[in-house]
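Here the structure is laid out as structure tokens; the discussion comes afterwards.
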Amino acid sequence: MDKSRKKEKKKSISYAKWGYYFIIPFFIVYAIFTLYPQILTIYNSFFEYYRDGLNIIGPRFVGLGNYAKLFETNTAGYVPIVRYTMNTAILWVIGAVPQFLVAMLLALFFTSTRLNIRGQQFFKTVIYMPNLIMASAFSMLFFTMFSQVGPINQLLISWGVVDKAINFLAIKISVRSLIALMNFLMWFGNTTILLMAGIQGIDEALFESARLDGSSSTQVFFHITMPLLMPIFIYVFITSMIGGIQMFDVPQVLTNGKGTPDNTSTTLIMYLNNFLGLSKNYGMAGALSVLLFIMTAILSSFVFKTIRKK
């Protein structure tokens, strides 16, 4: 009996190994295009390595010297990384708050069984369309519209609202508002669809039971919808926050990379891009990249644990 069982085991084919074969390409691509650059970035962050005209300085080991330089006060009297972190946070908040509010309201509106909205596929397509437009094209459109010779100024002058053209791109509140508005228009559709998918995944019997017990719409939302939607909401919130930290293309194109006025719209990635420009300062760029990675990891973990606990 033992011999026959051994023969059966030898003849049986194990398909478990094929799963590993199929995921090998992913790990190879990840190691070449993601892991290796990350390791190289961390390595460069400990070296002085930049270009001065046609001369290449370094690489020379400086330890934590590049990290220390990031927190030095510049000639304008402020610490660049602190100021640009605040800029990035403000630009993300004023764009993300209305984004989540509008997306949640639309998700509840379209998934309501009481309203039973028709043509949901059409509305999903319409609200998602701005997300398909390139951020650079979106920024150029707003740059043209709100320039001093643009249609917005021409309309305001023709209506007698103002006597001369307003330089919207030289006013801090208008520049920040335009950046926030563009980010809102590009991403609220994506957020709405994700929240709708989460709400539709909740068992309808729970809502029916709550209504039969006399629960109001507000009670249903806070005691059934939101708690069960929390995993999707956490995912959307964290990805939005990471996108906010990596904000670059919209303010870069709108302000022509200058962060006008007076660097009040310069983000952390724009600051990083300055090191990778003409100076090719890979040491400082690497140090800033590592700090951004640490910042993203800490904030994501904090948000996940805080919201998950609640």
Quiz item: Quick check: is even one residue across the range 201-215 under 22 Å from PRO98 (Cα atoms), in contact with a helix residue (DSSP H, G or I) (Cβ under 8 Å, 6 or more places away or on another chain) and not hydrophobic (A, V, I, L, M, F, W, C)?
Solution: no
Self-check item: Looking only at the range 35-85, and only at residues there that are part of a loop (DSSP other than H, G, I, E, B) and among the hydrophobic types (A, V, I, L, M, F, W, C), the one that is farthest from LEU276 (Cα to Cα)
Solution: ALA76
Practice problem: State which residue is farthest from MET241 (Cα to Cα) when the search covers only the range 43-93 and only residues that are acidic (Asp, Glu) and touching a residue at least 24 places away in the same chain (Cβ under 8 Å). | Solution: ASP52
Self-check item: Meets criteria (in contact with a Pro (Cβ under 7 Å, 6 or more places away or on another chain), surrounded by fewer than 17 Cβ atoms within 10 Å (Cβ to Cβ) and not hydrophobic (A, V, I, L, M, F, W, C)) for LYS164
Solution: no
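So, in the range 139-149, exactly how many residues are in a helix (DSSP H, G or I) and β-branched (Val, Ile, Thr)?
So the answer is 1.
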Exercise. Give me the pairs, please: first residue somewhere in the range 281-310 and surrounded by 11 or more Cβ atoms within 10 Å (Cβ to Cβ), second residue anywhere and charged (D, E, K, R) and modelled with pLDDT under 90, beta-carbon distance under 8 Å, and either six or more positions apart or on two chains.
Key: ASN281/ARG51
Practice problem: Just one of (1) assigned to a loop (DSSP other than H, G, I, E, B); (2) in contact with an Asp or Glu (Cβ under 7 Å, 6 or more places away or on another chain); (3) of a type in the set (Ser, Thr, Tyr) trips up SER136, so point out which. | Solution: (1)
Exercise. Taking the options VAL175, VAL162, VAL126, name whichever one is modelled with pLDDT of 95 or more and farther than 30 Å from ALA210 by Cβ.
Key: VAL175
Quiz item: What single numbered condition from (1) hydroxyl-bearing (Ser, Thr, Tyr); (2) touching a residue at least 60 places away in the same chain (Cβ under 8 Å); (3) within 16 Å of THR225 (Cα to Cα) fails to hold for SER209?
Solution: (2)
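The values are calculated or read from the model by the stated rules, or taken from the named source; none is laboratory data. For clarity, every value in this text was computed on a predicted model and none was experimentally measured. Here Cβ is always computed from backbone atoms with ideal geometry, including for glycine, and neighbour counts include all displayed protein chains.
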